[in-house]
Structure formats: structure tokens, C-alpha cells
Amino acid sequence: MEKIFDLNRLNVKAFAREHLSLQGLQGLSQFARLIDLEVKTGPDSHNTATESPSVNWAVQGELVSVSGSEDQIWLHLKAELHLPMQCQRCMGAVTVKVSSDQSFRFVPDEATAEAEDDASEEDLLVLTPELNVWELIEDELIMSAPLVPKHEVCPTLVPMSAVDAAFEDALDARPNPFAALAQLKKKPN
Ligand SMILES: [Zn+2]
């Protein structure tokens, strides 16, 4: 029997208790803040849905037993996408691989989270009956995205040098002003 889980409001406790996992491919339309990071190269860049980047994601719940204490609720999250961003050196589009691999442990309240945060490698979240996993995935990817995206080596600007060459050709083709003056002087009145 398959249970339906809504990632907009996931019951993490139940998800973890049954050690469930989910994965999929999700289009960027789900992630408005990631769309803001995406470079818009032109009006045709979103012509077809298949060309639009999508997020490859997976979540796994885990219940970890601790002797003498309540079981810990964990969620492991992996997400990855290839996001076209704007290169901050040449201002062209650069596709950046953004990926996150993070584990979360859920604690009963904010005070516990603050008290245990420094000693924990994992991220601590306060347990809520309904967790928005999409937001969590989006938060993680935004934090993993480069602040200053750049090409390793910026592509040569071919259209620019073509313009330059044409401009220089035009200069060469222009008649020498002194030669033109000499021609004028030779003309009889
Ligand atoms: Zn560049």
C-alpha cells in the first residue's frame, strides 16, 4: 500500500518513523526564488519546456534510536540542478552546477536547537507537524549557488571581434584625405 506524501506539508515524524524516501525531478516553476537567479538570455530562452532546467532531488527519513532518550528524527536531503546564471566577468550566460547534500535533525523547540547547534554537524530544525520540503530544497540550493558566478575561462566574444574587424576594414577603405586634396588641386577651374 502506497502512502501519498505532500511535500508542501510533510509529516516528517511519520516519514522518518517509516524510514521512507522520495525522489524526483522538479521543474523550476516550483522554485520562484531560484528562477530569480537564472539568467534570462533572451525572449526565446524558455521556448520549450524540455530546455528549462529542473531540480533532481531526493529526501530520506530516518529514526535514530538513542539509549536513554527519545528517538531522533532525521531527514537527509540531496538536490542538484544545472542553473544558467550570469557570468560576472563577461556578463554572458554560464551554466553552474548547484548541488546540496545536507542532513537535518529535528528538535522539539527553538531553545533546544540553539543549545545544541554549536555541537552538531547536522542542521537543526524545529519539528513542525507540516514541513514544506520544497522550501527546504530551495533554501539549500540558494545557499549552495555561487555568489559570483563566473566561467572558468570566459568564451571569446566572437561577435565583438567581427564588429571590430569590419570597423577596421571600413577605416582602411576610407580615402586618404591628403590624396583627396591633391586630386582637388589638380582639377582645372
Ligand atoms: Zn564569462
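Residue 81 fulfils the conditions (1) within 22 Å of residue 27 (Cα to Cα); (2) without any contact (Cβ under 8 Å) to a residue 12 or more places away in the chain except for a single criterion, (2).
Only one entry in 100, 144, 120 is under 26 Å from residue 21 (Cα atoms) and loosely packed, with under 14 Cβ neighbours inside 10 Å, namely 120.
Okay, residues lined up against (1) touching a residue at least 24 places away in the same chain (Cβ under 8 Å); (2) over 25 Å from residue 7 (Cα atoms):
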{"site": "24", "(1), (2)": "yes, no"}
{"site": "52", "(1), (2)": "yes, no"}
{"site": "58", "(1), (2)": "yes, no"}
{"site": "85", "(1), (2)": "yes, yes"}
{"site": "94", "(1), (2)": "yes, yes"}
{"site": "100", "(1), (2)": "yes, no"}
{"site": "114", "(1), (2)": "no, yes"}
{"site": "118", "(1), (2)": "no, yes"}
{"site": "135", "(1), (2)": "no, no"}
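Of all the listed residues (147, 127, 131), the sole one being in contact with a Pro (Cβ under 9 Å, 6 or more places away or on another chain) and either at pLDDT 65 or above or closer than 30 Å to residue 95 by Cβ (or both) is 127.
Among the strands (runs of 3 or more DSSP E) confined to segment 68-161, the ones with at least 2 residues that are within 16 Å of the ligand (Cβ to nearest atom) and within 14 Å of the chain's Cα centre (by Cα) are located at 72-86, 93-107.
The values are calculated or read from the model by the stated rules, or taken from the named source; none is laboratory data. Remember, it's a predicted structure, so these values are computed and weren't measured experimentally. Backbone-built Cβ (ideal geometry, glycine too); neighbour counts: all protein chains shown.
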